[in-house]
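Engineer: Submitted below is the structure of interest, expressed as structure tokens.
Every number in this text was worked out from the coordinates using simple rules, so none of it is lab data. The structure displayed is predicted, hence computed values, not measured ones. So basically every Cβ, Gly included, is an ideal-geometry build from the backbone, and we count neighbours across all protein chains shown.
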Amino acid sequence: MTIKVIRPGLFSSFQDSGRTGFQHWGVPVNGAMDQDAHALANLLVGNPTRAASLEITLQGPVLCFQAKALIALAGADLGARLDGVVLKPGHALCVKPGAVLSFEKREYGVQAYLAVSGGYLLQPVMNSASTYSRGGFGGLCGRALKAGDVIPICSSFANPPRVNIPAGWLLNPSASAVSIRVLHGREWHDFSASARHDLLNEPYRMTAASDRMGYRLEGAALDLTQPRQLLSESVTFGTVQVPAGGQPIVLMADRQTTGGYPRIAQVASVDLPKLAQLMPGDEIRFSLIDLPTAQALLVARMGRLKKLEAAHS
Amino acid sequence: MSDVNCETRPVPASLRWQFEACGDSCLVVVFATLFSAQANWRAVAFSAALHDLQACGELCGITDVVPALVTVGVHYCPYTFALQYPHLTPFDAVAQVLENALMGLQNAPRTPTKQLEIPVCYEGEYAPDLLHIANACAMTPSEVIAAHSGQWVDVLMVGFAPGHPYIGMHQPALKLARRAVPRTVVKQGSVGLANCQSVIYPSDLPGGWHIIGRTPLSLFTPANDPPCLLTGGDQVRFVPISAREFEALAGVRP
């Protein structure tokens, strides 16, 4: 029971909910950039949300199913076609042996997630199937897909579960500037008043030098009141750090475990999926929320997801 | 195992700690704002104690405990804590759990650690920043090498990348800031120097430290248990080797 990779796409890698528990060895968490879309793809085919999905970035692969399978896409609409017929994100369907999944014109978003009922058969590394391509481990051979790869799957004869996707869970084509909520970073007060003002009032643009490790942004330079050499400590998904040049970097799924640059802000976890779907060139507007608000939003979101998962497992 | 390594250093009760938020899913336990060997030891000991509790099935909802130089990052799932402590914010609930754990730390023995010699080639292409370091520190290259090697230094933490150690403190003469613009790729095994500390790049990575040399040793092997060559609390000594020795050890063709 396999899927054959005819063409790999730009960057297609297996990801799950993350490789937690090993950061004290410097092992990054990795995992899906858009955890909401990843979870949804799994739920649509009756998998637990922690199962691996295939994260497809911008340009999709061409995949040939060698066995019957129940599949679903969630997240970005990268123009998926199943044997030439349009396949929209947010729906599960059964594919026949020999069926070919391909991608044409991108409609919106950047990261699409392909889940297969029963899951991909991958050897977990440190309890996770997530690919860490920089470290060369996890996923399929520790790297993004290549032409000729053969992906082992569990064949499934299950019918798609009836998933009532809550409003707002499916990605929408984004407006011109994306609004991202942030909390104070650990060094917020070390930045100048104008830097703190600019971060929350000026537009920042995602540059092409962005990847799964971090998004390099471009906008008003953010300066400290005085230069500081900080002691390295923990950073997380969404940490906004500012190296000496003053241009912020948002740390993403393949981020390092610790860092030593001043951190002006921290993206609220609920807004990370939105950030994960941005394209280089897209504009971001930051706004400030406090810790209790960010945690209440996150707890509410996770509650909705758990409810959905409980209803379909 | 030397006596120094097995020494038990109880944490003085008079020293306090602070809980700071790093976003909505991570709490940082701050033992000090400036580096001290004692604050580093407290971070090492506290995270070891938390890892022990985790191994006993406690601390449900805490996903990662990450010791750094003088702080410990505690990553947690706010949802799990919200369910367990509905009357507290998740941050306050985690702080309460950690406060209790810290109280119990007074008598924690130091985790047994190891001493390891690290061969380093300080020559030619393997040491692209040696001259720059020598100029910045007003020393000759051989004085820099002598200052950097020969003494036992502590592994202060592992972080940034898998198996990537921070080692120090070197003598004050080796004080220089990191590069203003980090390199996009630093070669595997490169030994970086900044702020009287060294790092070793376990794989090809971006990096902002000055490259003083390169080791042929593998710092991280995912299939090994543990996968890391070094961990916080270990001690290392850099031993100079020639380019020829490096190439023989690394299996590089001369």
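Engineer: How many angstrom lie between the C-alpha centres of region B:205-238 and region A:205-229?
Structural biologist: Centre-to-centre distance over Cα atoms comes out at 28 Å.
Engineer: Provide the FRET efficiency to the nearest 0.05 for the B:Ala177-A:Ala310 pair, computing r from the beta carbons and using R0 = 60 Å. Walk me through the numbers before you get to the answer.
Structural biologist: Values: r = 52 Å, r/R0 = 0.87.
That pair, B:Ala177 with A:Ala310, gives E of 0.70.
Engineer: Just tell me, in residue order, which DSSP H segments of chain B are both 18 angstrom or longer along the helix axis (alpha-carbon based) and at least -0.5 in mean Kyte-Doolittle hydropathy. Spell out each step's value before the answer.
Structural biologist: Working: long enough: B:37-55 (27 Å, 0.20); B:90-103 (20 Å, 0.75).
Membrane-span-like by this criterion, though nothing is claimed about a membrane: B:37-55, B:90-103.
Engineer: Related question: Residues with beta-carbon under 11 Å from that of A:Ala115, excluding A:Ala115: net charge, scoring Lys, Arg +1 and Asp, Glu -1?
Structural biologist: Details: positive: none; negative: A:Asp16, A:Glu55.
Taking every other residue near A:Ala115 into account, the sum is -2.
Engineer: Can you give the Rg to Rh ratio for chain B, taking only C-alpha atoms and Rh from Kirkwood?
Structural biologist: Numbers: Rg = 19.9 Å, Rh = 19.6 Å.
Over the Cα atoms of chain B, Rg/Rh equals 1.01.
Engineer: Based only on Cα atoms, what mean projected area does the convex hull of region B:3-103 have, in nm²? The partial results should precede the final answer.
Structural biologist: On the way: hull surface 27.1 nm².
The number I arrive at for region B:3-103 is 6.8 nm².
Engineer: Could you check the spin-label model distance between A:Lys105 and A:Leu170? Points 7 Å from the Cα along Cα→Cβ, value in nm.
Structural biologist: Between A:Lys105 and A:Leu170, the label points sit 2.0 nm apart.
Engineer: Taking a label point 7 Å from the Cα of B:Thr221 along the Cα→Cβ vector, which residues of region B:170-195 have an amide N closer than 17 Å to it?
Structural biologist: B:189
Engineer: Might you report the magnitude of the Cβ-based charge dipole of the protein assembly as shown about its Cα centre, with Lys and Arg at +1 and Asp and Glu at -1, to the nearest 20 debye? Let's see the in-between values first.
Structural biologist: Details: 43 positive and 43 negative charges, 221 e Å.
Dipole magnitude for the protein assembly as shown comes out near 1060 debye.
Engineer: Find which of A:Val27, B:Ala45, B:Leu131 sits farthest along the positive direction of the dipole of the protein assembly as shown, computed with +1 on the beta-carbon of Lys and Arg, -1 on that of Asp and Glu, about the Cα centre.
Structural biologist: It is A:Val27.
Engineer: Provide Rg and Dmax in Å for chain A, with only Cα atoms included in the calculation.
Structural biologist: When restricted to Cα atoms, chain A yields Rg and Dmax of 19.6, 63 Å.
Engineer: Here's another thing I want to ask about it. How large is Rg/Rh for region A:177-304, to two decimals, with Cα atoms and a Kirkwood Rh? Walk me through the numbers on the way to the answer.
Structural biologist: Numbers: Rg = 13.7 Å, Rh = 14.6 Å.
That ratio is 0.94, to two decimals.
Engineer: Taking every pair of distinct Cα atoms and averaging 1/r, then inverting, what Kirkwood hydrodynamic radius in Å comes out for region B:131-254?
Structural biologist: Details: mean 1/r = 0.0672 Å⁻¹.
It is 14.9 Å.
Engineer: For chain B, modelled as a GNM with alpha-carbon contacts under 10 angstrom, which of B:Pro162, B:Pro86, B:Pro172 fluctuates the most?
Structural biologist: Answer for the Gaussian network model of chain B: B:Pro86.
Engineer: Let me ask you something else. Who wins for biggest fluctuation among A:Gln295, A:Gln226, A:Gln23 in a Gaussian network model of chain A, springs between alpha carbons below 10 Å?
Structural biologist: Its mean-square fluctuation being the largest, the pick is A:Gln226.
Engineer: Still on this structure: At what distance in nm do the modelled label points of A:Cys94 and B:Gln115 sit from each other, each positioned 7 Å from its Cα along Cα→Cβ?
Structural biologist: Modelled inter-label distance: 6.9 nm.
Engineer: For each pair in A:Lys4/A:Lys306; A:Lys68/A:Lys105; A:Lys88/A:Lys146; A:Lys4/A:Lys105; A:Lys105/A:Lys306; A:Lys68/A:Lys88, compute the distance between the two Cα atoms and list the pairs where it is over 28 Å.
Structural biologist: Numbers: A:Lys4/A:Lys306 33 Å; A:Lys68/A:Lys105 26 Å; A:Lys88/A:Lys146 24 Å; A:Lys4/A:Lys105 22 Å; A:Lys105/A:Lys306 33 Å; A:Lys68/A:Lys88 19 Å.
Violating the 28 Å limit, Cα to Cα: A:Lys4/A:Lys306; A:Lys105/A:Lys306.
Engineer: What percent do you get for the relative contact order of chain B when only Cα pairs under 8 Å and 6+ apart count? Write out the running numbers ahead of the final one.
Structural biologist: Values: 499 pairs, mean separation 49.2, N = 254.
About 19 percent, as a whole number.
Engineer: Could you check the spin-label model distance between A:Val150 and A:Asp83? Points 7 Å from the Cα along Cα→Cβ, value in nm.
Structural biologist: 2.3
Engineer: Where does helix A:291-312 land angle-wise versus the long Cα axis of chain A, in degrees 0 to 90, nearest 10?
Structural biologist: Taking Cα atoms only, the helix is inclined about 10 degrees.
Engineer: Which aspartates and glutamates have a Cα lying under 12 Å from the Cα of B:Lys114, excluding residues fewer than 8 positions away in the same chain?
Structural biologist: B:Asp3, B:Asp154, B:Asp234
Engineer: Would you order A:Met33, A:Met126 from fewest to most other beta-carbon atoms within 10 Å of each residue's own beta-carbon? Could the numbers behind the result be given before it?
Structural biologist: Working: A:Met33 25, A:Met126 18.
Placing the least packed residue first, the sequence is A:Met126, A:Met33.
Engineer: Projected area of the protein assembly as shown, taken from the Cα convex hull and averaged over every viewing direction, in nm²?
Structural biologist: Numbers: hull surface 105.0 nm².
With every direction weighted equally, the projected area is 26.2 nm².
Engineer: Right, another one. Where does helix A:35-44 land angle-wise versus the long Cα axis of chain A, in degrees 0 to 90, nearest 10?
Structural biologist: That works out to roughly 20 degrees.
Engineer: Based on DSSP H runs of at least 4 residues, each adding -39500 (n - 2.57), what is the mean residue ellipticity at 222 nm of chain B after dividing by all its residues, to the nearest 500 deg cm²/dmol? The partial results should precede the final answer.
Structural biologist: On the way: 7 runs with 67 residues, N = 254.
Result for chain B, helices only: -7500 deg cm²/dmol.
Engineer: Further question: With only Lys, Arg, Asp and Glu charged, each at its Cβ (+1 for the first two, -1 for the last two), find how big the charge dipole of region A:2-172 is about the Cα centre; round to the nearest 20 debye.
Structural biologist: Numbers: 14 positive and 9 negative charges, 60 e Å.
Dipole of region A:2-172, to the nearest 20 debye: 280 debye.
Engineer: Also, I was wondering about something else. Place a +1 charge on the Cβ of each Lys and Arg in region A:98-188 and a -1 charge on the Cβ of each Asp and Glu, then give the dipole magnitude about the Cα centre in debye, rounded to the nearest 20.
Structural biologist: It comes to approximately 120 debye.
Engineer: Oh, and also: With springs connecting C-alpha atoms under 10 Å apart, model chain B as a Gaussian network and identify which of B:Gly73, B:Gly213, B:Gly57 has the largest mean-square fluctuation.
Structural biologist: B:Gly57
Engineer: Here's another thing I want to ask about it. Run the helix sum for chain A: -39,500 (n - 2.57) per DSSP H stretch of 4+ residues, divided by residue count, reported at 222 nm to the nearest 500 deg cm²/dmol. Don't skip to the answer; put the middle values down first.
Structural biologist: Numbers: 4 runs with 46 residues, N = 313.
The per-residue figure over chain A is -4500 deg cm²/dmol.
Engineer: If you take the Cα Rg of region A:2-172 and divide it by 2.2 N^0.38 Å, with N the number of residues, what do you get?
Structural biologist: On the way: Rg = 14.7 Å, N = 171, 2.2 N^0.38 = 15.5 Å.
Region A:2-172 yields a ratio of 0.95.
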